[in-house]
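Derivation of every value follows stated rules applied to the coordinates shown; laboratory data play no part. Keep in mind the model is a prediction, meaning the values are calculated, not measured. Note: ideal-geometry Cβ built from the backbone for every residue, glycine included; neighbour counts use all protein chains shown.
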Amino acid sequence: MLAGMCTGVSATAPKHGWLQTRQSYILNERGNIVQLRGMSFFWSRPDWYQGTGMGSFYSADMVGFLADTWHCTVVRAAYDRNDGNNNGWNEVQTVIDAAIEKGLYVIIDWHAHDANEHESDAITFFTEQARKYLQTHNVIFEIFNEPIVAGDAVENDGSVDNARLTWAAIKPYLTNVTRAIRSTGSRNLVIIGTPYYCQHVGVAAADPVTDNGVPFENIAYAFHFYSASHGPYAFYVDRDGGGMEASYLAAGINTIPVFVSEWGTSHSDGGLANPEIDKTNTDWWFDNYINKYHLSWCNWSVSNWQASSAFAAGSITEPSPSGQIVKEHLADTPDEWEPAWVGGLSGPAGDTVFSMPAPFHQASSYNRYYGAHVEAASVDYLYRDKADRRIPGAFDYSVLKVTPGSDDNWVRYQFDIATATRFLLLRCHTKEGSGTVEVYLDETKTGQASLAADSTWQYAGVPCTTTPGPHTLKLKFVNTTGSSYLIEWLELTDDSTAVISGSGRSPGHRSALPIITPVRGGMRITLPPQHGYSGVTVTGIDGRTALTRVLSTVQKETVVRGLAGGCWVVRFEGPNQSECTVVVPEGP
């Protein structure tokens, strides 16, 4: 047990300790990505909806029930501040104290749509709370619930342009309140509301809240959604319009930390006029965003009078249809993941070595899911935290992202070479930048490839003679220009058609390999004048073979039709059983 400073209650340190943020993630005190899961209490105003048992919900017993029976790790107290009065503060304090004692995280939510009009009150309130809970791990501050700008068109217009106007109007408030919290020495997580009822995460990501240009530590940005009315597949989206909310989230999700501090299974009206509970779209949100990106969340709400309520009418323990859906997601495991900048070093399989040569070594193998022993100085992994791409049907794979940095910018892999090879082939995209890749085999430089700016995928090859057995391959990235370039896969090969001079791409390289041109529903394969290929096989990255075709040595072109969306591996059978493998994106 840890004593919470000036809280008046005993405090149990929560499972994940102090929360922190890095890149686009919320981390625990061990530096691992964490996903908190829990419930938001309804508005704290005690005179609302008399006879529904609201007073029974804002209680220590309910907090204990949510912790022990529903297995929540976070609760949110929606402190009603819409009219500037202290509506239900005693009840909110009860929830805070009980959560701290149970070892839950608790969000103190300034639950108002016009908080920027009460900035001085908010600064006074959050300064007091920050001092009170200075040494308490459990407390999270949410400083503005669902911002809108009242009195003009912005309130009723959820467009990106009007979201930017809202952001400009509320950003001074968000900055000043966050600054006041940090001035106390508090390092507790702060959740910042985003425009138009906490939907436009992308607008916030493009212009984040800072302290005179210096990023605040340990802040996340709020996103809210309601399954029956938000997202492209929502039950009511065709009737009410909309459906763009997922794109607003996607615009910022890989840039800033996001906390889904409120979401519901119903329409955003709570189900009063639109009673549908949308489980299908709830699962879609979880599969495509919440669980995919490890977003922490609180469901709306701990109450029993709306369709969105988690409890059945007249009960404070029996789950409603909405609550039954929420309980399924509360049971999800795990809730902690090793981040890519750690996991990419050794992965879950430790110092796993890869058998080579192979048709190609997918860039998703760079990340933690494949257990590669990878070391990196200032290299990033795009889509680094998506699901294991070996799962059938999972077509969005990772790429290695190289950004400008010092000369100490590299990755290293361990391979077990089955047969001797003579070349290393990389598939790269240099639309946004260029640079040089130096190749080292067992710490000896074998050559380098200069990647010129190019709007299409290109192939970079370097002489790299290997013998059977274990080897260490190191790629060092120097002279990087522009914002970044991408490497999709690497291949150790003995195929002479892969050769490019050690100084970079040879002018004739593209004619030495087949050219793959996406077409609608398939691809056109143009073969080199003297190719020597005897056959081609098209396979999905899930291993399903879509086509096998015999090629003549004089054949110049073949067209493949009837391919579904996603990515396809094209393998060419050539002299001495050599192969040239390319991953081709979906055609237009």
Label model pair E29, D207: point-to-point distance (7 angstrom along the Cα→beta-carbon line) in nm is 3.8
Once the piece of chain linking A331 and T481 is laid out straight, how much longer is it, given 0.36 nm per residue of separation minus the C-alpha distance between them?
49.4 nm
Roughly speaking, what is the centre-to-centre gap between the range 104-177 and the range 214-250 when only Cα atoms are used, to the nearest Å?
18
Would you kindly calculate the mean projected area, averaged across all directions, of the convex hull enclosing the Cα atoms of the range 2-337, in square nanometres?
15.0
What does the charge count near V160 come to, summing +1 for each Lys or Arg and -1 for each Asp or Glu among other residues with Cβ under 14 Å from its Cβ?
-3
If amide H atoms are modeled at 1.01 Å from N in the peptide plane, then the residues at a separation of 5 or more from L19, or on another chain, having amide H under 5 Å from its own are L189
Can you spot the lysines whose alpha carbon is less than 28 Å from K279's alpha carbon? Ignore those fewer than 8 places along the same chain.
K292, K327, K386
List the residues, sorted by chain then number, that are 5 or more residues from D109 or on another chain and whose placed amide H is less than 5 Å from its amide H.
A77, Y79, E142
Report, by chain and number, residues whose modeled amide H sits under 5 Å from the one on E318, excluding near sequence neighbours (fewer than 5 apart, same chain).
A312
Take S450, S229 and order them by how many other Cβ atoms sit within 10 Å, fewest up front.
S450, S229
Mind checking which of G271, P208, Y233 is farthest towards the positive end of the range 177-326's charge dipole, using Cβ charges of +1 (Lys, Arg) and -1 (Asp, Glu) about the Cα centre?
P208
Just want the ordering: W568, W284, W110, from fewest to most Cβ atoms lying within 10 Å of their own Cβ.
W284, W110, W568
What FRET efficiency would be calculated for the residue pair D61, N288, taking the C-beta separation as r and a Förster radius of 25 Å, to the nearest 0.05?
0.10
Got a sec? How would E128, E432 order by Cβ neighbour count within 10 Å, fewest to most?
E128, E432
Direction-averaged shadow area of the convex hull around the Cα atoms of the range 204-334, nm²?
9.0
